[in-house]
Amino acid sequence: MAKLYFYYSTMNAGKSTTLLQSSFNYRERGMHTLLLTAAFDDRFEVGKVASRIGLEQEADLFDGDINLFQHVITRHAEKAIDCVLVDESQFLTKDQVWQLTEVCDQLKIPVLCYGIRTDFQGELFPGSQWLLAWADELHELKTICHCGSKANMVVRVDEQGQAIQEGTQIEIGGNDRYVSLCRRHFKQVYSEP
């Protein structure tokens, strides 16, 4: 049985690096992978999954309008796909997560999703919410807070490094915009939920 996996973490835990390593492992054995990434994430280059340590691979883009089940069917007809890997999976819609369960259940292709669990206000992203609910396996990728404790929260910061407490849920950025913190230090920034 093919499974839906959700690998989640805060920023800077190596999600994209782990995704690229998984894809490499499949390809090294003569298998084919399909990588998907959010269309609006252009931090590195549109149409690529890239890690901070310099690894990268071409990827198909998704936005909220694409039917991922149909997309995988089309791509699978062109060349047999042995695994689908989704970067920035927190940006998936509820329908798209359901479509990925169909890739597993109907097409019998495993799907590995990598994303952030919560936003800068401690709220679940929609894609993460439904992956937590429907994935067959959940795996936390860990990173650390400045104090050395496990970081499980993210804070958005301005150009001066000051925490921002309001704004839209989605704002693309890296180390210049987000800091991973443990819950204790996150609470010092946000005194109330």
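The values are calculated or read from the model by the stated rules, or taken from the named source; none is laboratory data. Just so we're clear, the structure is a prediction, and the values are computed from it rather than from any experiment. Here the Cβ positions follow ideal geometry from the backbone for every residue, glycine too, while neighbour counts run over all protein chains shown.
Descriptive notes on the structure:
- Residue 179 meets the conditions (1) at pLDDT below 90; (2) part of a loop (DSSP other than H, G, I, E, B) in every case but one. The failed one is (2).
Results for (1) among the polar types (S, T, N, Q); (2) buried (at least 18 other Cβ atoms within 10 Å of the Cβ); (3) touching an Asp or Glu at 6+ places or on another chain (Cβ under 8 Å), shown as yes or no for each residue.
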site: 20; (1), (2), (3): no, yes, yes
site: 55; (1), (2), (3): no, no, no
site: 70; (1), (2), (3): yes, no, no
site: 80; (1), (2), (3): no, no, no
site: 96; (1), (2), (3): yes, yes, no
site: 104; (1), (2), (3): no, yes, yes
site: 108; (1), (2), (3): no, no, no
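- Residue 104 meets all of the listed conditions (1) farther than 18 Å from residue 33 by Cβ; (2) modelled with pLDDT of 95 or more; (3) touching a strand residue (DSSP E or B) at 6+ places or on another chain (Cβ under 7 Å) but one, namely (1).
- The set of residues from segment 110-140 being surrounded by 16 or more Cβ atoms within 10 Å (Cβ to Cβ) and part of a helix (DSSP H, G or I) comprises 126, 127, 128, 129, 130, 131.
- Cβ-Cβ contacts under 8 Å between residues 6 or more apart (or on different chains), taken from a first residue in segment 15-39 that is over 19 Å from residue 73 (Cα atoms) and part of a loop (DSSP other than H, G, I, E, B) to a second residue that is at pLDDT below 95 and not β-branched (Val, Ile, Thr), are listed as 39/61; 39/62; 39/63.
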